[in-house]
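The values are calculated or read from the model by the stated rules, or taken from the named source; none is laboratory data. These numbers were taken from a predicted model, which means no experiment stands behind them. Because the Cβ atoms are built from the backbone with ideal geometry, glycine has one as well, and the counts that use them run over all protein chains shown. Ligands, DNA and RNA are excluded from the accessible area calculation, which covers all protein heavy atoms including side chains. Shrake-Rupley method; radii C 1.70, N 1.55, O 1.52, S 1.80 Å.
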Amino acid sequence: MPETVGDMTPLRQPDIIQKAVGYCTHQASKGVDSLIALMERTGDDWRSCLDGVSDAQAEFSPAAGEWTTKEVVTHFLLATGSVNDQIQKLASGEDVGQLASAAPDERPAETRSVAELSAETVAIFGEIARLTRSLEGNANLDRQFPHPAFGQLNIMQWIAFQRLHGMDHMQQI
């Protein structure tokens, strides 16, 4: 059985999928300024989550097959960067097909410090905020690409998903 970032069972439960998609749809409907504030808050939440965590703690695996904090954060950063790339392509009118991301059970190699990873999580949410601002008035906001569990999401729903994905991994940590 492949090792995973966490229990993937919830992503196979229709009620949880419906709630997640509903959350993304609701947040997306609030508009650009609200999404920007949500992304900035999520960056701050990551900083708080990792504040005071030592490198030794972040390299600890709670059980055989369980990911370390560093591996979880690295997975999150890789996946988030991939989603940002897909959003930028869609916004410019390109077709993107499937999410171009590493498999969720592909364990990342990690050598960066907690301080570096924390700074990167804050920075990537700053990037998402800038990306969101650049989308104001974009004619392609209804364009979609599929999430492996949630189905087709449009650009603004994908931005809201970044919060949901981040909070899921912060809870895991």
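Could you check the simple spin-label distance between Asp168 and Arg41, using points 7 Å along Cα→Cβ, in nm with one decimal?
Roughly 2.0 nm, to one decimal.
How would Val114, Val53 line up by accessible area, probe 1.4 Å, largest first?
If we order Val114, Val53 from most to least accessible, we get Val53, Val114.
Tell me the angle of helix 155-172 to the major Cα principal axis of the chain, expressed in degrees between 0 and 90 and rounded to the nearest ten.
Tilt relative to the chain: about 20 degrees.
Mean shadow of the chain, computed from the convex hull of its alpha carbons, in nm²?
9.7 nm²
Report in % the part of the accessible area of the chain that belongs to carbon and sulfur, leaving out ligands and nucleic acids; probe 1.4 Å.
Numbers: 4540 of 8840 Å².
Answer for the chain is 51 percent, counting heavy atoms of protein chains only.
Can you give the angle from 0 to 90° between the axis of helix 14-29 and the longest principal axis of the chain, with both taken from C-alpha atoms, to the nearest 10?
60 degrees
Find how many whole Å separate the alpha carbon centroid of region 36-97 from the alpha carbon centroid of region 139-173.
Computed from Cα coordinates, the inter-centre distance equals 13 Å.
Projected onto the charge dipole of the chain (+1 at Lys/Arg Cβ, -1 at Asp/Glu Cβ, origin at the Cα centre), which of Gly31, His169, Ala91 gives the Cα projection farthest towards the positive end?
Toward the positive end, the furthest listed residue is Gly31.
Determine the order of Asp142, Asp44 by accessible area, beginning with the largest, at a probe radius of 1.4 Å.
Largest accessible area first, the list is Asp142, Asp44.
Expressed as an acute angle from 0 to 90° and rounded to the nearest 10, what is the orientation of the C-alpha long axis of helix 69-91 relative to the principal long axis of the chain?
Compared with the principal axis, the helix lies near 10 degrees.
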